[in-house]
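Inspection log for the structure reproduced underneath, given as C-alpha cells.
The values are calculated or read from the model by the stated rules, or taken from the named source; none is laboratory data. Predicted, not measured: the structure shown is a model, and the values here were computed from it. Cβ coordinates were reconstructed from backbone atoms using ideal geometry, including for glycine residues, and neighbour counts include every protein chain displayed. When the accessible area is computed, the model is the full protein with side chains, heavy atoms only, and any ligands, DNA or RNA have been set aside. Shrake-Rupley method; radii C 1.70, N 1.55, O 1.52, S 1.80 Å.
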Amino acid sequence: FPSHDTLAAGFAALRKKLGLSATDMGKLIGVSAQSVYHWETGNTKPRVSQLQAIAAVRKMGKRAVAAKLAAPD
C-alpha cells in the first residue's frame, strides 16, 4: 500500500486535475468538503467504502464528472 502522505498528495492532485472544488469532489464521493480537506492535509484518511468511490472518480474524465455533478440526486 502507498503511504498515507502519498495517498493525500494523489487525492489532491486528482481533484486539481479534474478542476474540482472540495465541495464538488465531496459530492462525487458522498462526503463533505471538510472531509476532502482533511484527507488532503493527512489529518484523516478515507474509509474503505470511500476509497471505492474515489477509485470510481479516478477512472472518470472531466466530461463524466461534469455530467455526474449536473445530474439531479
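Label positions at Thr41 and Ala71, each projected 7 Å from the Cα along the C-beta direction, are separated by 3.2 nm.
Dipole magnitude for the chain: about 280 debye, using +1 per Lys or Arg Cβ and -1 per Asp or Glu Cβ, origin at the Cα centre. On the beta carbon distance between Gln34 and Ala56, with R0 = 25 Å, the FRET formula returns roughly 0.75. Protein heavy-atom surface of the chain, 1.4 angstrom probe: 57% of the accessible area is carbon and sulfur, with nucleic acids and ligands not counted. Residues in the chain average 67 Å² of solvent-accessible surface per residue, probe 1.4 Å, ligands and nucleic acids excluded.
Each other residue within a Cβ distance under 10 Å of Ala33 adds +1 if Lys or Arg and -1 if Asp or Glu, for a net charge of 0. Rounded to two decimals, the Cα-based Rg/Rh of the chain, with Kirkwood Rh, is 0.94.
Applying both filters, DSSP loop and at most 16 other Cβ atoms within 10 Å, to the trypsin sites (Lys or Arg not before Pro) of region 4-42 eliminates every site.
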